[in-house]
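For reference, the structure discussed in these notes is given below.
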Amino acid sequence: MSVSKGRLFIIGGNENKGEKSILKDFVRLSGGSNACIGVIPTATKDPEETGERYKEVFKNFGAEDVHVLNIQTRKDGDKKALINLFDDITGVYFTGGDQLRITSIIGGTEFDKKLHEYHRKGLVVGGTSAGASVMSDTMIVEGLDESPPAKSTVNMAPGLGFLQRTVIDQHFDQRGRMGRLLTVVAQNPHVLGFGIDEDTAIVTEDETMLKVLGTQTVTVVDGSKIDHSNIIKEGEDQPLAITNIIIHVLSAGYFFDLKRRHVKGGLEFESSR
């Protein structure tokens with residue numbers, strides 16, 4: 001498993017936008033005072049207000065220029081004027097809302113193709129909440145919060161695929177979403193599940209390494225060692241049984257190796273070197 005040359009900055013939603021915001025790190029990785037950021041509010045029902053709010057935040061954190069890319073139709077995603085902005089933009093940021101709006105409106109457009117192309121060259125791509133969900137190739141569209149794992153707890157669709165063989169859930173602990181992430185991994189044991197809490201992010205350090213930032217935690221669900229589950233039994237409401245599943249809970253400063261599926265960081269790791 002690997003990621004492109006460009007960084008990914010994936011936030012679990014409801015990020016602090018004040019002085020201690022992790023969004024300052026997004027601006028820094030996008031070029032700091034030389035950053036030119038494109039805000040994409042496609043997911044939200046109020047794109048103008050949301051776009052302007054993030055524009056103000058990123059400018060306050062020192063970005064040189066911020067564009068609101070108001071893509072509301074598939075035709076918008078093919079506009080030449082929008083595509084030409086890739087020559088200047090150093091970071092792209094998807095806001096929260098409805099993730100299916102992002103994939104259904106942007107997916108497969110010329111903008112989508114250029115976004116992946118420039119990300120492979122080094123463009124930073126970030127997103128929060130719905131904008132986080134679309135980063136993986138398997139995307140949770142909707143599901144039941146605070147429910148035990150069962151087939152009926154979650155619906156899935158393809159995401160934009162920046163992070164391969166993964167699924168991302170957001171507002172994770174705050175909305176009790178462990179059941180639905182376990183269900184996804186039980187159905188797709190080859191994928192890694194990342195449950196990202198609010199005001200918390202996973203950031204790609206290089207082609208295989210993720211770093212955790214923020215005030216809460218990231219839950220990693222690894223199904224590669226599952227030796228039994230009853231997911232194929234009939235009945236959408238059948239309670240899920242899974243054995244030998246691996247779960248990590250990581251806070252700021254911990255790293256996760258995507259290739260080796262291995263955790264790095266913390267005092268216990270430092271002392272063992």
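The values are calculated or read from the model by the stated rules, or taken from the named source; none is laboratory data. Predicted, not measured: the structure shown is a model, and the values here were computed from it. All Cβ positions, even for glycine, are placed from backbone atoms using ideal geometry, and neighbour counts span all protein chains on display. Accessible surface is based on the protein model in full, side chains and every heavy atom, while ligands, DNA and RNA are left aside. Shrake-Rupley method; radii C 1.70, N 1.55, O 1.52, S 1.80 Å.
With respect to the stated conditions, GLY91 fails to be closer than 25 Å to ASP206 by Cβ and under 13 Å from the mean Cα position of the chain (by Cα). Do you know which of the residues in segment 106-120 that are touching a Gly at 6+ places or on another chain (Cβ under 7 Å) and part of a helix (DSSP H, G or I) is most open to solvent (accessible area, probe 1.4 Å)? Within segment 106-120, the match that is most open to solvent (accessible area, probe 1.4 Å) is ARG120.
The rows are residues; the columns are (1) more than 17 Å from ILE168 (Cβ to Cβ); (2) under 19 Å from the mean Cα position of the chain (by Cα).
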site: ASP78; (1), (2): yes, no
site: ASP98; (1), (2): no, yes
site: THR103; (1), (2): no, yes
site: GLU117; (1), (2): yes, yes
site: SER129; (1), (2): no, yes
site: GLU142; (1), (2): no, yes
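Could you tell me whether PHE26 is assigned to a helix (DSSP H, G or I), open to solvent by less than 10 Å² (accessible area, probe 1.4 Å) and over 21 Å from GLU198 (Cβ atoms)? Walk me through it before giving the result.
Values: assigned to a helix (DSSP H, G or I): yes; open to solvent by less than 10 Å² (accessible area, probe 1.4 Å): yes; over 21 Å from GLU198 (Cβ atoms): no.
It is false that PHE26 is assigned to a helix (DSSP H, G or I), open to solvent by less than 10 Å² (accessible area, probe 1.4 Å) and over 21 Å from GLU198 (Cβ atoms).
Here the condition is being open to solvent by less than 80 Å² (accessible area, probe 1.4 Å), among the small types (Gly, Ala, Ser) and touching a residue at least 60 places away in the same chain (Cβ under 8 Å); of GLY77, GLY31, GLY18, GLY62, it holds for GLY31 alone. Of everything listed in (1) open to solvent by less than 10 Å² (accessible area, probe 1.4 Å); (2) of a type outside the set (Ser, Thr, Tyr); (3) more than 24 Å from LYS264 (Cβ to Cβ), the single unmet condition for ILE168 is (3).
Inspect all residues belonging to segment 36-46 and state whether any of them is among the small types (Gly, Ala, Ser) and under 14 Å from THR200 (Cβ atoms).
Step one: list which residues in segment 36-46 are among the small types (Gly, Ala, Ser), which gives 38, 43.
If we keep only those that are under 14 Å from THR200 (Cβ atoms) too, we end up with none.
Scanning segment 36-46, I find no residue that is among the small types (Gly, Ala, Ser) and under 14 Å from THR200 (Cβ atoms), so the answer is no.
I'd like the full set of residues that are open to solvent by 10 Å² or more (accessible area, probe 1.4 Å) and in contact with a helix residue (DSSP H, G or I) (Cβ under 8 Å, 6 or more places away or on another chain), limited to segment 39-59. Those that are open to solvent by 10 Å² or more (accessible area, probe 1.4 Å) and in contact with a helix residue (DSSP H, G or I) (Cβ under 8 Å, 6 or more places away or on another chain): THR44, VAL57. Each residue in segment 181-196 was checked for being over 11 Å from the mean Cα position of the chain (by Cα) and either open to solvent by 10 Å² or more (accessible area, probe 1.4 Å) or aromatic (Phe, Trp, Tyr) (or both), and 5 pass.
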